[in-house]
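Since the structure comes first, as structure tokens, the remarks are kept for the end.
The values are calculated or read from the model by the stated rules, or taken from the named source; none is laboratory data. All figures in this text were calculated on a predicted structure; none of them were measured in a lab. As a convention, Cβ positions derive from the backbone with ideal geometry for all residues, glycine included, and neighbour counts pool all protein chains shown. Only protein heavy atoms, including side chains, enter the accessible area calculation; ligands, DNA and RNA are left aside. Shrake-Rupley method; radii C 1.70, N 1.55, O 1.52, S 1.80 Å.
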Amino acid sequence: MEKQATMTEENKTQVPAERVLTVENLRVSFHTYAGEVKAVRGVDFKLDAGETLAFVGESGCGKTVTAKAVMRLLPVPPAEILPGSVVNYKGEDVLSMDKKRLRRYKGEDIGMIFQDAMTSLNPTMTCGKQIMESLKIHTDLDAEGRKARAIELLDAVEIPEPEKRFKQYPHELSGGMRQRVMIAIALACEPTIMIADEPTTALDVTIQAQIMKLLKELQLKEHTSIILVTHDLGVVANFADRIQVMYAGQVMETGSTEDIFKNPQHPYTWALLRSIPRLDSKEKEDLYSLGGTPPDLILPLAGCPFTDRCDYAMQICKEAMPAKTEHGDHHCSYCWLHHPDAPKVERPVGD
């Protein structure tokens with residue numbers, strides 16, 4: 001199995017990490033009355049045990065579609081994972097799994113925290129029953145065992161009075177507690193990978209910080225790998241190990257969190273970073289806003305999809321997609337500015 005060297009906090013020595021997920025040339029289309037929407041266009045990434053990978057980008061850039069494709073949750077039709085796509089879980093081809101194996105994969109191997117807890121939870125079922133439902137499908141626990149495990153999970157996600165919350169319905173809980181119930185459901189069967197799709201959406205900043213802290217603590221305790229889907233680079237700054245910046249269904253830049261924040265290489269990454277309020281700013285100034293709109297994904301894209309919104313676009317950007325440029329270990333980007341013949345520009349992001 002493919003391995004990658006990582007560092008542990010305890011001894012700072014090289015330790016091989018198990019590769020749990022490999023995705024290559026992932027392409028996803030939606031067949032609509034208006035035409036084929038090419039939502040994901042050749043995405044590649046890898047995930048190691050205990051690692052956190054963040055997908056970052058504007059709404060509609062393909063983050064959630066990529067995550068749901070990995071979990072085989074896209075409705076078919078209208079969605080289609082196109083031939084040539086590879087999703088490999090610990091050496092097993094996810095896209096060729098039969099229904100029985102796929103049922104175990106969703107829950108035992110990989111769990112998902114959905115974006116809006118209010119609409120994702122069933123309003124007609126108690127929170128405890130919804131956690132027990134997953135345990136009933138994926139474990140051999142009897143009714144009493146499932147109840148005890150559900151209460152244990154509610155306690156693990158730091159919900160006060162878990163026995164009381166077990167009997168309550170989603171509408172009786174606050175937004176933060178509903179999100180914790182979603183985390184408990186995702187963790188119920190102790191999956192190897194957890195996908196968190198905008199887990200802090202619609203929550204105030206204090207609750208956001210609590211949820212992210214809880215996810216990090218649970219990850220360290222269970223050694224779970226996390227794929228975090230978010231549009232907010234500020235959320236991932238102290239949470240993710242690596243960041244993958246996506247735009248129009250393609251990867252624009254990928255690297256460690258330090259690479260992305262301290263040495264960004266793509267104009268789209270620069271724009272995302274400039275849109276984050278800075279506490280160390282000495283002068284009052286308007287917050288940067290990226291103008292324009294993302295391209296129509298029904299139309300063919302010959303060149304870089306960010307061309308029409310890029311301040312540094314050249315004629316070649318409209319005609320051909322740039323090749324990958326390596327900037328160091330596991331840090332790369334796709335931009336014509338890195339071609340030897342391209343004009344030198346000063347990026348508008350400080351170290």
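How many residues, within region 186-198, are open to solvent by 10 Å² or more (accessible area, probe 1.4 Å) and either assigned to a helix (DSSP H, G or I) or out of contact with any Gly (no Cβ under 7 Å at 6 or more places or on another chain) (or both)?
Taking region 186-198 and keeping what is open to solvent by 10 Å² or more (accessible area, probe 1.4 Å), we get 187, 189-190, 192, 198.
The next check asks that each one be either assigned to a helix (DSSP H, G or I) or out of contact with any Gly (no Cβ under 7 Å at 6 or more places or on another chain) (or both); those that pass are 187, 190, 192, 198.
Number satisfying all stated conditions: 4.
Conditions first: (1) in contact with a Gly (Cβ under 6 Å, 6 or more places away or on another chain); (2) open to solvent by less than 30 Å² (accessible area, probe 1.4 Å); (3) not hydroxyl-bearing (S, T, Y). H138 passes all but one, so which condition is the exception?
All conditions are met except number (2).
Can you tell me which residue in region 199-212 is most open to solvent (accessible area, probe 1.4 Å), limited to those that are part of a loop (DSSP other than H, G, I, E, B) and in contact with a Gly (Cβ under 8 Å, 6 or more places away or on another chain)? Talk me through it step by step, then tell me what you get.
Filtering region 199-212 for residues part of a loop (DSSP other than H, G, I, E, B) gives 199-204.
Still in the list and also in contact with a Gly (Cβ under 8 Å, 6 or more places away or on another chain): 202-203.
Values: A202: 105, L203: 25 Å².
In this case the residue turns out to be A202.
Give me a count of the residues in region 102-122 that are assigned to a helix (DSSP H, G or I), open to solvent by less than 10 Å² (accessible area, probe 1.4 Å) and modelled with pLDDT of 85 or more. If you could, list the steps in order and put the result at the bottom.
Step one: of region 102-122, the residues assigned to a helix (DSSP H, G or I) are 102-109, 117-120.
Checking which are open to solvent by less than 10 Å² (accessible area, probe 1.4 Å) leaves us with 105, 117.
Now restrict to residues that are modelled with pLDDT of 85 or more: 105.
So the count comes out to 1.
From the set of residues in region 48-88 that are hydroxyl-bearing (S, T, Y) and more than 13 Å from V23 (Cα to Cα), which is least open to solvent (accessible area, probe 1.4 Å)? It would help to see each step written out before you state the result.
Here is the first cut: in region 48-88, the residues hydroxyl-bearing (S, T, Y) are 52, 59, 64, 66, 85.
Filter again for more than 13 Å from V23 (Cα to Cα), leaving 52, 59, 64.
Numbers: T52: 0, S59: 103, T64: 40 Å².
It comes out as T52.
Does T293 satisfy the criteria of being open to solvent by 30 Å² or more (accessible area, probe 1.4 Å), in contact (Cβ under 8 Å) with a residue 40 or more places away in the chain and hydroxyl-bearing (S, T, Y)? Lay out the reasoning, then the answer.
Numbers: open to solvent by 30 Å² or more (accessible area, probe 1.4 Å): yes; in contact (Cβ under 8 Å) with a residue 40 or more places away in the chain: no; hydroxyl-bearing (S, T, Y): yes.
No, not satisfied.
Does any residue in region 236-250 that is closer than 11 Å to F261 by Cβ come within less than 6 Å, Cβ to Cβ, of a residue that is open to solvent by 10 Å² or more (accessible area, probe 1.4 Å) and of a type outside the set (A, V, I, L, M, F, W, C) six or more places away or on a different chain, and which pairs are these?
From region 236-250, the pairs are A240/T257; I243/T257.
Could you list, in sequence order, the residues of region 225-269 that are open to solvent by 10 Å² or more (accessible area, probe 1.4 Å), part of a helix (DSSP H, G or I) and either closer than 20 Å to E198 by Cβ or small (G, A, S) (or both)?
G234, V235, T257
Kindly indicate which of L215, L287, L279, L220 is on the phi < 0 side of the Ramachandran plot, at pLDDT below 90, open to solvent by 60 Å² or more (accessible area, probe 1.4 Å) and not in a loop (DSSP other than H, G, I, E, B).
Working: L215 fails: open to solvent by 60 Å² or more (accessible area, probe 1.4 Å); L287 fails: not in a loop (DSSP other than H, G, I, E, B); L279 fails: not in a loop (DSSP other than H, G, I, E, B).
Within the list L215, L287, L279, L220, the selection yields L220.
Would it be correct to say that L153 is buried (at least 20 other Cβ atoms within 10 Å of the Cβ), assigned to a helix (DSSP H, G or I) and touching a Pro at 6+ places or on another chain (Cβ under 9 Å)? So that I can check it myself, show each step before the final result.
Numbers: buried (at least 20 other Cβ atoms within 10 Å of the Cβ): yes; assigned to a helix (DSSP H, G or I): yes; touching a Pro at 6+ places or on another chain (Cβ under 9 Å): yes.
Considered against the rule, which asks whether it is buried (at least 20 other Cβ atoms within 10 Å of the Cβ), assigned to a helix (DSSP H, G or I) and touching a Pro at 6+ places or on another chain (Cβ under 9 Å), L153 comes out as yes.
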